[in-house]
Amino acid sequence: MKLLLVSLITMGLGVVANAQTSTVSKDSIRLLQYNKDLAKLNVDLYEEKIKLAQSQNDLIGLRTDLQKANEKAEQSAADSKNAAAKMSDNVGDKAAAKKAKKDADRAAGDNKQAVRLTSKVADKEERFIRSEKNISEIQKKIDRLTAQYNK
């Protein structure tokens, strides 16, 4: 008798526990899916914000380097011009000709470096703009997702 009573109570508790755990409302599933989708979008958003911050820091450094390279190229060009003028004043002076060639080569190299840096700055600016656009698009997706959930 006691064994039968214990068995019935155990079965009854099992049925009640099974009934409680097997029923999950559609709203709960919808909320879980919303939170999952929102979490993925937030991860994407923060990754893009990190890229944006890195691009911004890189741009600051590159612009400083470009300014220095432009100043150096300008000075090298002026030195080359002066050396060329001295060479033309002293036709046949090998030392003046050698200095003029050396200064011209330096000016060309400095100008080439400035051009390379200009290209790098343009690339970073493009990445910066692309990151800003991606952030805006992700934020719009988050807004749409939130609006759909709150309907």
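Summary of values
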{"quantity": "So Leu66, is it among the aliphatic types (A, V, I, L, M), touching a Phe, Trp or Tyr at 6+ places or on another chain (Cβ under 9 Å) and in a helix (DSSP H, G or I)", "calculated": "no"}
{"quantity": "Failed condition for Lys81, given (1) at pLDDT below 95; (2) under 30 Å from Glu132 (Cβ atoms)", "calculated": "(2)"}
{"quantity": "Residue pairs meeting the criteria (Cβ under 8 Å; at least 6 apart or on separate chains; first over 23 Å from Lys68 (Cα atoms) and touching a residue at least 12 places away in the same chain (Cβ under 8 Å), in the range 92-115; second outside any helix (DSSP H, G or I) and open to solvent by 70 Å² or more (accessible area, probe 1.4 Å))", "calculated": "Ala96/Asn90"}
{"quantity": "Selection within the range 119-151 - over 18 Å from Leu41 (Cβ atoms) and in contact (Cβ under 8 Å) with a residue 24 or more places away in the chain", "calculated": "Lys120, Val121, Lys124, Glu125, Arg127, Phe128"}
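Matching residues to (1) under 30 Å from Leu145 (Cα atoms); (2) within 17 Å of the chain's Cα centre (by Cα); (3) surrounded by 17 or more Cβ atoms within 10 Å (Cβ to Cβ):
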| residue | (1), (2), (3) |
| --- | --- |
| Glu48 | yes, yes, yes |
| Gly61 | no, yes, no |
| Glu71 | no, no, no |
| Ala77 | no, no, yes |
| Lys81 | no, no, no |
| Ala85 | no, no, no |
| Ser88 | no, no, no |
| Val91 | no, no, no |
| Ala96 | no, no, yes |
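The values are calculated or read from the model by the stated rules, or taken from the named source; none is laboratory data. What you see is a predicted model; the values in this text were computed from it and never measured. Glycine also receives a Cβ, built like all others from the backbone with ideal geometry; neighbour counts cover every protein chain displayed. For accessibility, only protein heavy atoms count, side chains too; no ligands or nucleic acids. Shrake-Rupley method; radii C 1.70, N 1.55, O 1.52, S 1.80 Å.
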